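The values are calculated or read from the model by the stated rules, or taken from the named source; none is laboratory data. Everything quoted here is computed from the prediction, not taken from an experiment. All Cβ positions, glycine included, derive from the backbone under ideal geometry; neighbour counts span all protein chains shown. Surface areas here come from the heavy atoms of the whole protein model, side chains and all, with no ligands, DNA or RNA. Shrake-Rupley method; radii C 1.70, N 1.55, O 1.52, S 1.80 Å.
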Amino acid sequence: ATRHVYRIVLTGGPCAGKTTAMARLSGFLQERGFRVYTVPEMATLLFTNGVAFSDLDKGALAMQQAVLKGQTTLEDGFRKVAAATRAPAVVLCDRGALDGKAYISDDLWREVAYNTPSHSINERLLCERYDAVLHLVTAAAGAERFYTLENNLARTESVEEARKQDIQTQKAWAPHPRLYVVDNAGNGGFEGKLERVVEACAAV
């Protein structure tokens, strides 16, 4: 029998600590004997390789179709390699298939999710791709003095925009039965937040 490969999404609002949390989770899992594969964020790949925000004025549908198809293809490739090794494995995804829903209208999302070539997609099937979703709340909600645009060239949101985007992303992933929201309200500051991310992952 093929060994189950865990797939976990790290998502959240802008400047939520995803990159640092990804590294922390990767180390935590490797120490416990898992092979860890990290899938890069498809939208960032596009924006850092020639796609401009102005392209979205006329190309929002094409962009989101490319993101969804690219994201799922990358994930499936990593999962296939991980399964072939027969070692205990976790695929950590920097955002996932439902993230695009947070950035476009419901009508446009339906066109993306149901009409993407080579995918008979609906939201239930998209959710079933992942064992868990860890949503890190933006620093713009509860840790405002740490909110910055400087560490991500693809980030342009103001504090208020970041809060709205965070809420939209939580709504997009709401159908997933194992959605864990990690906010900035707990003890221990950012380190405490990272510890709660690891605890949520360990519970999967």
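Specify whether the C-alpha gyration tensor of the chain places it in the rounded, prolate or oblate class, a ≥ b ≥ c being the square roots of the eigenvalues: rounded for a/c under 1.5, otherwise prolate if a/b is larger than b/c and oblate if not. Oblate, since a/c reaches 1.5 and b/c is not below a/b. In a fully extended conformation the segment linking Ala185 and Ile167 would gain 4.9 nm over its present Cα-Cα distance, using 0.36 nm per residue. Pairs of Cα atoms nearer than 8 Å and 6+ residues apart set the relative contact order; for the chain it is 33 percent. Overall, the accessible surface of the chain at a probe of 1.4 angstrom is composed of carbon and sulfur to the extent of 52 percent. Is region 30-147 rounded, prolate or oblate when judged by the Cα gyration tensor, a ≥ b ≥ c being the square roots of its eigenvalues, rounded requiring a/c under 1.5 and prolate requiring a/b larger than b/c? Oblate shape, in that a/c is at least 1.5 and b/c is the bigger or equal ratio. For an R0 of 35 angstrom, estimate the FRET efficiency from the Cβ-Cβ distance between Glu195 and Ala83 and round to the nearest 0.05. According to the calculation, E is roughly 0.70.
Roughly how many Å² is the accessible area per residue of the chain, as a whole number, for a 1.4 Å probe?
Each residue of the chain exposes 51 Å² on average to a 1.4 Å probe.
Expressed in Å, the radius of gyration and Dmax of the Cα atoms of region 61-104 are 12.5, 39. Compared with the direct C-alpha span, the chain from Val159 to Glu128 gains 7.9 nm at full extension, assuming 0.36 nm per residue. At an R0 of 45 angstrom, the distance between the Cβ atoms of Leu56 and Arg32 translates into a FRET efficiency of 0.65.
Shown for the chain: lysine pairs separated by 8 or more places, or found on different chains, whose C-alpha atoms are under 20 Å apart, numbering 10. Dividing the alpha-carbon radius of gyration of region 1-75 by the rule-of-thumb value 2.2 N^0.38 Å gives 1.36.
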